Amino acid sequence: MITLRKITLENRRAIFNLEVEDTQKGYVASNLSSVASCYVLLTNGSRPFPFAIYADEEPVGFVMIIHGDTGYELPSIVDDSYCIMRLMIDKRFQNRGYGQEAMAKILKFIRTFPAGPASYCWIPYEADNVNAKRLYESFGFRDNGEFTDGEPITVLKL
C-alpha cells in the first residue's frame, strides 16, 4: 500500500538517504537538495509540497509537487497548473510497481487542488528517460512541444 507522507524530523534522514541507480542520477536531484529547494521556493511565494513515498511502513521514494514558480524556465500553462518537479523511487524498490502506485496517489492529491484550482499538471523530464516518459504517458500525460531548461515537458489536463 503506497502512501504520501509529510517529511518529519523523524523520517527526514531516511528520505535524504534514498537514491536512484547510478545510471539514473542525471535524471533527478538528491532528495536533500529537493527539500532545500522547497524551502527556497516557499520563502519566494511558490507552494511546494514535498512528500515521502511509503510502501506500508517503509520509505521507498520522494516526490516534490509545486504550484507556482518552480525556479526554472516556465511553460505557457504555469499560471493554471501544478508541476511534479521531482519523483524518485529508491534503487532497492524499483520494478515493484511503486512508481505507478505513487503516481496515482500524487494525481489524486493534486486533484484536491491544495493550493487552488488548476487545469493542468506538467512534468519536465530528461528526453532519454524512456521509463519515466512511459510512466507519465500511462496516466494520460502528453508532450506539448514546450521545453523548460532544455527538458521536454509533458502535460495532463486535470
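Reported count of residues in region 68-102, each being of a type in the set (Lys, Arg) and closer than 20 Å to PRO114 by Cα, is 1. Figure legend. Inter-residue proximity from region 140-155: first residues open to solvent by less than 70 Å² (accessible area, probe 1.4 Å), second residues part of a strand (DSSP E or B) and basic (Lys, Arg), beta-carbon distance below 9 Å, spacing 6+ or different chains. Indicated pairs: GLY140/LYS157; THR154/ARG142; VAL155/ARG142.
The values are calculated or read from the model by the stated rules, or taken from the named source; none is laboratory data. Treat the numbers as computed from the prediction; the structure is a model and nothing was measured. Cβ: placed from backbone, ideal geometry, glycine included. Neighbour counts: every protein chain shown. When the accessible area is computed, the model is the full protein with side chains, heavy atoms only, and any ligands, DNA or RNA have been set aside. Shrake-Rupley method; radii C 1.70, N 1.55, O 1.52, S 1.80 Å.
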